[in-house]
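The block underneath contains the structure these notes are about, expressed in structure tokens.
The values are calculated or read from the model by the stated rules, or taken from the named source; none is laboratory data. Here the structure is a predicted model, which is why all the values come from computation and not from measurement. Note: ideal-geometry Cβ built from the backbone for every residue, glycine included; neighbour counts use all protein chains shown.
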Amino acid sequence: MNWKNLALCLGTGMAFVTGGSAFAQEVPEDKYYSEKVLAEGEGWQLKNISGYAVDDDGRYYSQDVYNIKSTAREAFYQLPLHPYLQEELSAAATESKDETVFVLDKRIADEIALSYEKGELTEALKAIAEPPDEEVPQGVQSMGPFGSCSDQVHSKSKSFTLNTPISTNHTFGSGFSGTLSATGNINGSATGEVVMRVKRHKIFWVCVPYGVNFQHARAWGNVSVGNGSQVNGTLNYNWSWNDQIAKPSLGSLNFFIGPVPVHIGFNLPIRLGLEVAASVTGTVNYNGNQTATGAFDYTCTLSGCGGWANYNLGGSSPQPVTGSVSGRIQPTVWLQVAVRAYLYSEWLAYAQVGVRPYLYGDLWGYYGNACGDADGNGINETVSALTFNLDWRLFITAEASAFGSNPAQWNNLWSTQRRHLKFWDLVNGGSSAIRPILGGPASTNVNTSTGYTARMRPCWPYGDNVNYRFNWGDSTLTNVSGAPQTNASAGKAWSTSGAKTVQLTALSDSWGRQLNATTSRSVQVNGSTATWTAWFNRDNQYGVGDYETLSDLISGGYPVCSNPIGVECQTAGGAPYSSTGEVYSCSLSGGVCVNSQQPDGICQDYRVRFLCP
């Protein structure tokens with residue numbers, strides 16, 4: 001067989017998107033805020049920030065500020081700050097459990113140094129001075145008229161209404177010839193919040209606010225997301241790619257905390273990813289869509305995140321899959337959209353919470369005669385298969401960065417269980433390589449219990465337990481299950497002679513794949529002079545258990561032979577012992593059930609009969 005094409009599937013998408021196109025390529029410049037680097041060193045920068053405090057009184061500002069990374073302790077002593085401020089900031093950075101950044105107003109810091117030099121408050125500090133703390137907070141140095149004042153906590157939040165479609169298309173090179181497209185939409189709402197601490201210094205018995213530092217960002221919301229994607233291309237090796245495809249702005253907040261101007265921005269960075277594990281060359285092509293509904297609430301510092309989420313997979317309408325392949329390709333597509341909040345600029349400090357749903361595609365193809373002998377004739381059949389399996393899972397992710405460093409990423413704050421969506425058999429008439437192997441003798445004697453086995457072919461790629469059904473050709477059925485490459489056993493004794501058509505059907509597996517593939521073979525049942533005894537129920541289940549052994553029956557004078565060639569065991573009500581779910585031994589030595597081996601501690605009442613020559 002000449003394998004030319006393979007059609008494969010994957011896809012997912014998710015978004016927190018607001019108004020207009022979700023795929024503006026750049027975040028618009030904020031017309032109310034701008035900044036310029038004036039000087040910088042290891043772990044610090046001096047910037048001029050300017051803008052309009054539109055969330056307060058609309059006044060214009062242009063001020064120089066120091067940006068200092070908390071982990072760069074030497075930076076506090078490199079800057080022209082008064083030693084009291086240097087020690088205060090260094091102690092605050094040491095005591096903080098999380099990484100943070102400090103933003104200091106240079107003019108106020110200079111006025112503090114000048115006040116110490118003059119021995120009294122400058123007029124500029126008198127104008128912004130605040131009353132001292134009534135009580136000295138734990139860990140705050142009093143030092144009489146000098147020292148530290150308690151921090152003041154401020155928070156600002158912004159809510160977003162989410163109702164926007166997504167549509168993007170990408171063409172690849174570098175060995176992957178094809179395209180990746182993603183579509184989606186979201187309905188719901190989300191809120192972003194930034195919490196800051198205002199640093200205050202005690203000088204001449206008053207508290208002077210002189211800067212802010214980032215505490216954490218929080219994002220929460222209720223969303224319902226529909227998403228889908230398509231990959232169409234050719235490759236023959238493992239390959240992965242991801243990129244930011246858009247970052248729509250969600251607006252900003254511009255305000256003063258005392259004398260310090262603060263700018264907080266919000267946006268939605270959207271990343272698209274494709275991962276493909278391939279053992280063949282082929283064309284990948286699949287369309288599908290899913291809906292995820294849920295809520296989340298996470299708070300992130302620059303060092304970690306905590307919170308909760310709850311998402312469920314809703315309705316879906318995946319489109320048909322077609323194609324062919326000899327081998328296996330496993331493509332995964334993810335589309336992550338996150339609510340990002342930042343202080344002044346993303347370079348200085350940001351934290352984000354994202355939702356990243358995955359669709360896991362698995363296309364398996366086979367053609368050849370090295371995949372087992374299903375009908376027991378001693379010759380491997382030439383079989384073929386083309387199947388596609390689709391699974392879904394959703395992750396809550398987070399990311400944070402300070403001072404332009406590589407972001408810290410948490411890609412599994414919370415996740416759903418991986419869930420099976422659908423399994424396709426793409427071969428017209430059914431894939432013959434899915435048909436199970438029916439093991440056992442081709443002939444037996446009438447009224448003789450004969451063992452048969454069920455397992456999947458060795459080329460079957462999945463490891464989940466498989467459920468089988470034996471149809472013995474005489475209106476009786478037996479269900480068994482087991483690992484796909486391990487024999488699941490069943491016994492059968494025919495009461496009449498002749499050729500019997502036995503069918504073994506692989507029904508489904510424990511992951512939820514519906515297989516419904518059948519192997520048939522003929523078993524010749526020969527006549528016999530052997531006869532069955534009556535049913536014997538010598539013992540009951542009380543005491544140690546239920547013992548219907550051959551030796552006990554013989555010693556008890558029951559009419560049974562000492563050399564049976566067959567045995568059958570069932571409950572006193574006539575149900576096969578294999579259907580009870582109890583641990584039971586049925587052999588030519590008789591039937592045994594031990595109470596202590598049962599989940600509920602008690603056996604059912606059983607009976608046996610023997611086939612005597």
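Identify the single condition in (1) among the charged types (D, E, K, R); (2) farther than 25 Å from residue 386 by Cβ; (3) under 52 Å from the mean Cα position of the chain (by Cα) that residue 509 does not satisfy, given that it satisfies every other one.
Failing condition for residue 509: (2).
I'm checking my understanding of the structure. Among residues of segment 34-70 that are in contact (Cβ under 8 Å) with a residue 12 or more places away in the chain and aliphatic (A, V, I, L, M), which one is surrounded by the most Cβ atoms within 10 Å (Cβ to Cβ)?
So the residue we want is 68.
Does residue 512 meet the test of being surrounded by 15 or more Cβ atoms within 10 Å (Cβ to Cβ), touching a residue at least 40 places away in the same chain (Cβ under 8 Å) and small (Gly, Ala, Ser)?
Answer is no for this residue.
It is to be established whether one or more residues within segment 425-434 are part of a strand (DSSP E or B), touching a residue at least 12 places away in the same chain (Cβ under 8 Å) and in contact with a Leu (Cβ under 9 Å, 6 or more places away or on another chain).
Checked against the condition, which is being part of a strand (DSSP E or B), touching a residue at least 12 places away in the same chain (Cβ under 8 Å) and in contact with a Leu (Cβ under 9 Å, 6 or more places away or on another chain), segment 425-434 yields at least one hit.
Please state which one of 491, 429, 463, 473 is in contact with a Lys or Arg (Cβ under 7 Å, 6 or more places away or on another chain) and over 30 Å from residue 268 (Cα atoms).
Just one listed residue meets the conditions, 473.
Does residue 299 qualify as being under 30 Å from residue 389 (Cα atoms), in contact with a Gly (Cβ under 6 Å, 6 or more places away or on another chain) and modelled with pLDDT of 80 or more?
Spelling it out, it is not the case that residue 299 is under 30 Å from residue 389 (Cα atoms), in contact with a Gly (Cβ under 6 Å, 6 or more places away or on another chain) and modelled with pLDDT of 80 or more.
Hey, among 115, 148, which residue is over 30 Å from residue 336 (Cβ atoms), out of contact with any Phe, Trp or Tyr (no Cβ under 6 Å at 6 or more places or on another chain) and at pLDDT 95 or above?
Selected residue: 115, the only one of 115, 148 that is over 30 Å from residue 336 (Cβ atoms), out of contact with any Phe, Trp or Tyr (no Cβ under 6 Å at 6 or more places or on another chain) and at pLDDT 95 or above.
What number of residues within segment 67-88 satisfy the criterion of being under 10 Å from residue 102 (Cβ atoms) and either outside the structural domain of residue 149 (by TED's automatic domain parsing) or not in a loop (DSSP other than H, G, I, E, B) (or both)?
5
Quick one: which residue in 389, 412, 406 is surrounded by fewer than 13 Cβ atoms within 10 Å (Cβ to Cβ), assigned to a strand (DSSP E or B) and out of contact with any Gly (no Cβ under 6 Å at 6 or more places or on another chain)?
Residue meeting the stated conditions: 412.
Name the residue that is modelled with the lowest pLDDT, counting only residues in segment 308-325 that are over 17 Å from residue 424 (Cβ atoms) and surrounded by 19 or more Cβ atoms within 10 Å (Cβ to Cβ).
311
Every residue in segment 435-450 that is assigned to a loop (DSSP other than H, G, I, E, B) and modelled with pLDDT of 95 or more, please.
435, 436
Taking segment 481-499 only, how many residues are surrounded by fewer than 18 Cβ atoms within 10 Å (Cβ to Cβ) and either of a type outside the set (Gly, Ala, Ser) or without any contact (Cβ under 8 Å) to a residue 12 or more places away in the chain (or both)?
4
Would it be correct to say that residue 495 is polar (S, T, N, Q), out of contact with any strand residue (DSSP E or B) (no Cβ under 9 Å at 6 or more places or on another chain) and modelled with pLDDT under 95?
Spelling it out, it is not the case that residue 495 is polar (S, T, N, Q), out of contact with any strand residue (DSSP E or B) (no Cβ under 9 Å at 6 or more places or on another chain) and modelled with pLDDT under 95.
If residue 453 satisfies all but one of (1) assigned to a loop (DSSP other than H, G, I, E, B); (2) β-branched (Val, Ile, Thr); (3) within 30 Å of residue 586 (Cα to Cα), what's the number of the condition it fails?
(1)
With the structure loaded, tell me whether residue 517 is under 22 Å from residue 481 (Cβ atoms), touching a helix residue (DSSP H, G or I) at 6+ places or on another chain (Cβ under 6 Å) and either in a loop (DSSP other than H, G, I, E, B) or modelled with pLDDT of 95 or more (or both) or whether it fails that test.
It is true that residue 517 is under 22 Å from residue 481 (Cβ atoms), touching a helix residue (DSSP H, G or I) at 6+ places or on another chain (Cβ under 6 Å) and either in a loop (DSSP other than H, G, I, E, B) or modelled with pLDDT of 95 or more (or both).
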